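K.L.:
I have a structure I would like to understand better, so I am pasting it below and will then ask my questions one at a time.
The values are calculated or read from the model by the stated rules, or taken from the named source; none is laboratory data. Just so we're clear, the structure is a prediction, and the values are computed from it rather than from any experiment. Cβ atoms come from the backbone with ideal geometry, glycine included; neighbour counts cover every protein chain shown.
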Amino acid sequence: MTALSPRTVEKGPVPNSLTTGQLPRFAELYIFGASAVVSGVLLMLIGFDVIGWLVLSAVVYLVLLGILSSLVENRRKAVDRLVRGLVTVAFLLAIIPLVSTLFTVVSKGIGALSFQFITQTGGSAFNPDTLEVTNTPGALQAIVGTLIITGIATLISVPIGLFTSIYLVEYGRPGQWLSRTVTFLVDVMTGIPSIVAGLFAFSLFTIILGPKAFSGFSASVALSVLMIPTVVRACEEMLRLVPHDLREASYALGVSKFATIVRIVLPTAIAGIVTGIMLAIARVIGETAPIFMAASFTDNFNSNPFEGPMQTLPVMAYTGFAFPGTDITASNNSAWGAALLLVILVVILNLIARVIAKVFAPKGSR
Amino acid sequence: MSKRIEVKDLNVYYSDFLAVEGVSITIEPRTVTAFIGPSGCGKSTFLRTLNRMHEVIPGAHVKGEVIIDGNDLYAPGVDPVMVRRQVGMVFQRANPFPTMSIRDNVLAGLKLNNKRISKSEGDDMVEKGLRGANLWNEVKDRLNLPGGGLSGGQQQRLCIARAITVSPDVLLMDEPCSALDPISTLAIEDLIKELKEEYTIVIVTHNMQQASRVSDRTAFFNIAGTGKPGKLIEYDDTTTIFSNPTVKDTEDYVSGRFG
Ligand SMILES: Nc1ncnc2c1ncn2[C@@H]1O[C@H](COP(=O)(O)OP(=O)(O)OP(=O)(O)O)[C@@H](O)[C@H]1O
Ligand SMILES: [Mg+2]
């Protein structure tokens, strides 16, 4: 063993050329606290309000953070912190309307929600003997209507949309005029205002069946017009994500193109396709204008989509405010209830989509 | 069941671009033939024309004849699906079907063609295929787990098992070992030597040692420059190609003195 010279033990931190100045951990938190306090105090002087306080805090926070970071740390870190702060603020701004809407709907609608509300046909009844108007709160006719109308719209749109996307991805060659035309038309359809879809369905059925041709089916047609392009787009994206390798592997086994699409491509993409379809449904289930035009509104229970007006949740929410009954509060209340039910329905659809995506997702791939 | 492949004056095009020009070659049954050559010289392109897989690429087409045991692959009315049932293919990147278990992957070729197979028949074929691909011992306890959960080398052998389960006559392999470690590579080379008893095998490889270890005959492809078509330069017994080739380019390439 060679005698090692005793190492010089340095006191204090070892100087490291790779270090730079650094703000303490949680500095961002402290700074935010400080800016909240500062702007709070500032606002006290001129009159406090919550929104102004939040906005001012955010601005003060960004400025403070930028200055401090560029003093203590370097330029790159200062920019990094600043941009991160901006992105966070943007995110918070984006969720404010969402949270606020949800909060309003839940707080106002929860009162109307009850077992009766979802199992009874609501409306007002006029008793000619006593001249009394009785109001029954209930949304059964609207729930059934919404489910039937969106259900039929889905039944129409999914096959058309899915087959179109299969054509575009599997059969249409990129430069071919037919697939170019289809893609173009789908893009145009995506931009159709929903009221136009409603007008289309309404006038179509008026031409076929004569005036006052309100029906659930006609509303479904209007919704399909809105839904088909969304479904085509979603399915197309998902089918394009399926690696080309898998198709080649299948062809190389002597499998026909049809079997390859049905047994390899679709199962591989099914999770995404189902999610896309669910989102498309969620998108049209809340449409008001086209349904209002094509299916009108009613307080009667109608489960026949081919005959007579049909009530739906969004239209119920709208009419509850626009054309309230004699008891205005009751009408408004059931409007909020309908709105909340609609939100719940959409949430349920999203949950189903997630579960299905989980169940079908290809397993074990790295 | 293995077949002779005769190619006569074959040109392969991607739309207007001539990728491979004037290839004539005869591949004997029950042999291993290696295709070697620099990148971009058209080995994969040519290989794919042997089971019409190039048709998957829009615009790709051929001129010339490919005759397998007397049947012209490109005669009018020939169904590419029938061709591919006889001429199987293994790709450079392992591509097991992610939605299927190991067992279903092996049986994929049969099931997708709607062959009805009983459970016990299926079990036998799975075992035979996986043993054939040297994979049985590693996966026999997890046949129902997804094929995507295997290692890269295991996935590649799974793909070989899948390809041989449809019992083709010819097996085309496009750089099957390029993503594998030396041990998996050796396993696959051993496998190729065994498969040779039953199949006609064509393998593309960038690995000279591999070509000399597994193949009986070697074809050297080369390209004169970018944008020029690839050509078959020399085709001979592997020992000849590697010891005294007739063409100077071949010698340069196999000895590593190439560009
Ligand atoms: N899909 C395609 N479309 C158009 N040209 C292609 C396509 N695939 C390959 N080519 C061209 O054909 C020529 C031959 O390519 P190929 O893939 O057959 O080469 P290779 O010999 O297999 O090369 P490597 O050893 O790198 O795999 C190249 O010039 C290539 O650019
Ligand atoms: Mg290649």
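K.L.:
Which one is surrounded by the fewest Cβ atoms within 10 Å (Cβ to Cβ), of the residues in the range B:31-55 that are closer than 13 Å to B:PHE220 by Cα and away from ligand 2 (no atom under 13 Å from the Cβ)?
P.N.:
Taking the candidates together, the pick is B:THR33.
K.L.:
Filter the range B:189-199 down to the residues that are over 20 Å from B:ARG85 (Cβ atoms) and either without any contact (Cβ under 8 Å) to a residue 60 or more places away in the chain or out of contact with any Lys or Arg (no Cβ under 8 Å at 6 or more places or on another chain) (or both), then identify the one that is surrounded by the most Cβ atoms within 10 Å (Cβ to Cβ).
P.N.:
If we take residues in the range B:189-199 being over 20 Å from B:ARG85 (Cβ atoms) and either without any contact (Cβ under 8 Å) to a residue 60 or more places away in the chain or out of contact with any Lys or Arg (no Cβ under 8 Å at 6 or more places or on another chain) (or both), then B:ILE192 is surrounded by the most Cβ atoms within 10 Å (Cβ to Cβ).
K.L.:
Another question, then. If you check B:GLU65, B:GLU6, B:GLU21, B:GLU28, which single one turns out to be away from ligand 1 (no atom under 13 Å from the Cβ) and more than 17 Å from the chain's Cα centre (by Cα)?
P.N.:
B:GLU65
K.L.:
Let me ask something else. Looking at the range B:161-188 only, could you name the residues that are charged (D, E, K, R) and surrounded by 20 or more Cβ atoms within 10 Å (Cβ to Cβ)?
P.N.:
Those that are charged (D, E, K, R) and surrounded by 20 or more Cβ atoms within 10 Å (Cβ to Cβ): B:ARG162, B:ASP174, B:GLU175.
K.L.:
Same structure, new question: Counting only residues that are within 22 Å of B:GLU6 (Cβ to Cβ), give me the helices (runs of 4 or more DSSP H) lying completely in the range B:172-259 with at least 3 of them.
P.N.:
B:238-243
K.L.:
Checking B:VAL81 against (1) away from ligand 2 (no atom under 16 Å from the Cβ); (2) part of a strand (DSSP E or B), only one condition comes out false. Which one?
P.N.:
B:VAL81 satisfies every listed condition except (2).
K.L.:
Continuing with the same structure: Exactly one condition in (1) at pLDDT 90 or above; (2) closer than 18 Å to A:GLY286 by Cβ; (3) not polar (S, T, N, Q) is not met by A:LEU155; state its number.
P.N.:
Going through (1) at pLDDT 90 or above; (2) closer than 18 Å to A:GLY286 by Cβ; (3) not polar (S, T, N, Q) one by one, A:LEU155 breaks only (2).
K.L.:
Sticking with this structure for a sec: Residue by residue through the range A:87-120, note down the ones that are loosely packed, with under 13 Cβ neighbours inside 10 Å and aliphatic (A, V, I, L, M).
P.N.:
Correct list: A:VAL87, A:ALA90, A:LEU92, A:LEU93, A:ALA94, A:ILE95, A:ILE96, A:LEU98, A:VAL99, A:ILE110.
K.L.:
Please specify each residue of the range A:331-348 satisfying the condition of being crowded, with 18+ Cβ neighbours inside 10 Å and farther than 13 Å from A:VAL106 by Cβ.
P.N.:
A:SER331, A:ASN333, A:SER334, A:ALA335, A:ALA338, A:LEU345
K.L.:
Of all the helices (runs of 4 or more DSSP H) wholly in the range A:26-114, which have at least 3 residues that are in contact with a Phe, Trp or Tyr (Cβ under 6 Å, 6 or more places away or on another chain) and modelled with pLDDT under 90?
P.N.:
Here the list reads A:27-46.
K.L.:
Would you confirm, using the coordinates I've provided, whether B:MET82 is within 14 Å of chain A (Cβ to nearest Cβ), touching a helix residue (DSSP H, G or I) at 6+ places or on another chain (Cβ under 7 Å) and not aromatic (Phe, Trp, Tyr)?
P.N.:
For B:MET82, the condition - within 14 Å of chain A (Cβ to nearest Cβ), touching a helix residue (DSSP H, G or I) at 6+ places or on another chain (Cβ under 7 Å) and not aromatic (Phe, Trp, Tyr) - is not met.
K.L.:
Okay, next question. Here's a check for you: in the range B:50-75, which residue that is among the charged types (D, E, K, R) and not in a loop (DSSP other than H, G, I, E, B) is farthest from B:ASN113 (Cα to Cα)?
P.N.:
Top of the filtered list is B:LYS63.
K.L.:
Would you mind telling me which numbered condition in (1) within 14 Å of chain A (Cβ to nearest Cβ); (2) touching a helix residue (DSSP H, G or I) at 6+ places or on another chain (Cβ under 7 Å); (3) within 16 Å of ligand 1 (Cβ to nearest atom) B:MET208 fails?
P.N.:
Result: B:MET208 fails condition (1) only.
K.L.:
Residue by residue through the range B:39-75, note down the ones that are of a type outside the set (S, T, N, Q), within 14 Å of chain A (Cβ to nearest Cβ) and within 26 Å of A:GLY175 (Cα to Cα).
P.N.:
B:ARG48, B:ARG52, B:MET53, B:HIS54, B:GLU55, B:VAL56, B:ILE57, B:PRO58, B:GLY59, B:ALA60, B:HIS61
K.L.:
Separate question: Would you mind telling me which numbered condition in (1) within 14 Å of chain A (Cβ to nearest Cβ); (2) away from ligand 1 (no atom under 16 Å from the Cβ); (3) in contact (Cβ under 8 Å) with a residue 12 or more places away in the chain; (4) surrounded by fewer than 20 Cβ atoms within 10 Å (Cβ to Cβ) B:PRO146 fails?
P.N.:
Against the list (1) within 14 Å of chain A (Cβ to nearest Cβ); (2) away from ligand 1 (no atom under 16 Å from the Cβ); (3) in contact (Cβ under 8 Å) with a residue 12 or more places away in the chain; (4) surrounded by fewer than 20 Cβ atoms within 10 Å (Cβ to Cβ), B:PRO146 comes up short only on (4).
Rundown of residues vs (1) within 14 Å of chain A (Cβ to nearest Cβ); (2) surrounded by 14 or more Cβ atoms within 10 Å (Cβ to Cβ); (3) in a helix (DSSP H, G or I), yes/no style:
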residue: B:GLY77; (1), (2), (3): no, no, no
residue: B:ASN105; (1), (2), (3): yes, yes, yes
residue: B:ALA108; (1), (2), (3): yes, yes, yes
residue: B:ASN114; (1), (2), (3): yes, no, no
residue: B:SER120; (1), (2), (3): no, no, yes
residue: B:ASP124; (1), (2), (3): no, no, yes
residue: B:GLU127; (1), (2), (3): no, yes, yes
residue: B:ASN134; (1), (2), (3): no, yes, no
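K.L.:
Starting from the range A:69-80, take each residue that is under 16 Å from A:ILE31 (Cα atoms) and list its partners that are in a loop (DSSP other than H, G, I, E, B) and hydroxyl-bearing (Ser, Thr, Tyr), counting only C-beta distances under 7 angstrom and pairs at least six apart or across chains.
P.N.:
Going by the 7 Å Cβ cut-off, the qualifying pairs are A:GLU73/A:THR20.
K.L.:
So for the range B:208-215 (the condition being within 16 Å of ligand 2 (Cβ to nearest atom) and within 16 Å of the chain's Cα centre (by Cα)), does at least one residue qualify?
P.N.:
yes
K.L.:
Something else: Could you give every pair whose Cβ atoms fall below 6 Å, whose first residue belongs to the range B:38-49 and is in a helix (DSSP H, G or I), and whose second residue is of a type outside the set (A, V, I, L, M, F, W, C) and near ligand 2 (Cβ under 8 Å from one of its atoms), counting only separations of at least 6 or pairs across chains?
P.N.:
Qualifying pairs under 6 Å: B:SER44/B:ASP174; B:LEU47/B:ASP174.
K.L.:
Continuing with this model, one more query. Here is a check on your reading of the model: is B:GLU28 touching a residue at least 60 places away in the same chain (Cβ under 8 Å) and either within 16 Å of ligand 2 (Cβ to nearest atom) or within 30 Å of B:ASP249 (Cβ to Cβ) (or both)?
P.N.:
Yes; evaluated as a whole, the condition is true for this residue.
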